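A short reminder: the numbers here are calculations on the coordinates, not readings from a lab. All figures in this text were calculated on a predicted structure; none of them were measured in a lab. Here Cβ is always computed from backbone atoms with ideal geometry, including for glycine, and neighbour counts include all displayed protein chains.
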Amino acid sequence: MPTEVIFPKVDMDMATGQISRWFYKEGDVIRKGEPLFEMETDKAAMEIDAPASGTLRNVTGVEGTDIAVGAPVAWIYAEGEAVDDAIAAPDTAKPQVVGPDPDVELDARPADAGAVQALQAGRSLLAAGVRAVEGEFRRGDTILVLDEAGHEIARGLIAYDAAEAREVAGLRSQAIEAKLGVGARTAMIHRDDLAMSRQWDEMAEPNDAG
């Protein structure tokens with residue numbers, strides 16, 4: 001039987017999220033463990049690996065739309081396995097939207113303090129989690145990431161210059177694309193380019209009650 005690819009739950013209070021981009025398209029061959037798509041929540045972005053090897057079929061998870069946790073977004077068929085026509089293929093003219101009303105205005109407010117916990121969990125820093133941008137810098141520069149109290153929590157290589165960063169701070173992916181165009185980056189600092197600061201690790205350690 002084909003392997004169902006479901007939209008995963010990565011936060012305790014998570015009900016929906018979005019696929020910001022697929023790394024493979026319908027009909028592509030993929031190996032288990034390879035990045036299949038990038039998912040985005042209010043707090044972070046992360047790559048989701050393929051749960052099996054085979055051919056990607058029946059891709060119903062549409063980029064940029066709200067998808068409920070646990071909803072199927074695609075199927076992976078093993079070599080030689082017949083495609084099940086009963087599994088509906090996506091209608092490209094009418095993207096599948098699972099979850100909140102798609103007519104609701106996009107949320108362009110800054111994300112809550114959960115972005116800090118997302119960084120601790122090893123995730124990327126999304127533009128949605130940034131409340132303010134200070135100073136002048138160019139794309140690729142090393143910058144400091146501060147919490148709301150002004151404490152340094154991380155350092156990383158910024159994916160925007162200062163002017164662009166100010167434009168997209170607090171915005172989610174669709175709002176960013178409306179400003180900067182389709183394909184614009186949603187992560188200000190990718191997780192591979194970010195390191196938590198030592199002083200933050202020391203602050204975050206629980207006190208020894210013994």
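Near A50, within a Cβ-to-Cβ distance under 11 Å, what is the net charge of the other residues, with Lys and Arg +1 and Asp and Glu -1? Write out the running numbers ahead of the final one.
Numbers: positive: R31, K32; negative: D28, E34, E47, D49.
Surrounding charge for A50 is -2.
Quick one: Cα centre-to-centre distance for the stretch 1-69 and the stretch 136-176, in angstrom?
Here the two parts' Cα centres lie 26 Å apart.
Near I176, within a Cβ-to-Cβ distance under 12 Å, what is the net charge of the other residues, with Lys and Arg +1 and Asp and Glu -1? Please report the intermediate quantities before stating the final value.
On the way: positive: R172, K179, R185; negative: E40, E164, E167, E177.
After counting each charged neighbour, the total is -1.
Based on other C-beta atoms within 10 Å, arrange E81, E164 from fewest to most.
Arranged by neighbour count, lowest to highest, E81, E164 become E81, E164.
Quick check on the stretch 114-204: what are the equivalent-ellipsoid semi-axes from the Cα gyration tensor, as sqrt(5λ), descending, whole Å?
Taking √(5λ) for each eigenvalue gives 22, 13, 12 Å, largest first.
Take H190, H151 and order them by how many other Cβ atoms sit within 10 Å, fewest up front.
With the sparsest Cβ surroundings first, the list reads H151, H190.
Hey, what did the stretch 8-85 get for relative contact order, percent, Cα under 8 Å, at least 6 apart?
Here the relative contact order equals 32 percent.
When all alpha-carbon pairs of the stretch 3-77 are counted, what percent fall beyond 17 Å?
That tail contains 35 percent of the Cα-Cα pairs.
Considering Cα pairs under 8 angstrom that are at least six residues apart, work out the relative contact order of the stretch 114-204 and quote it in whole percent.
Relative contact order here is 36 percent.
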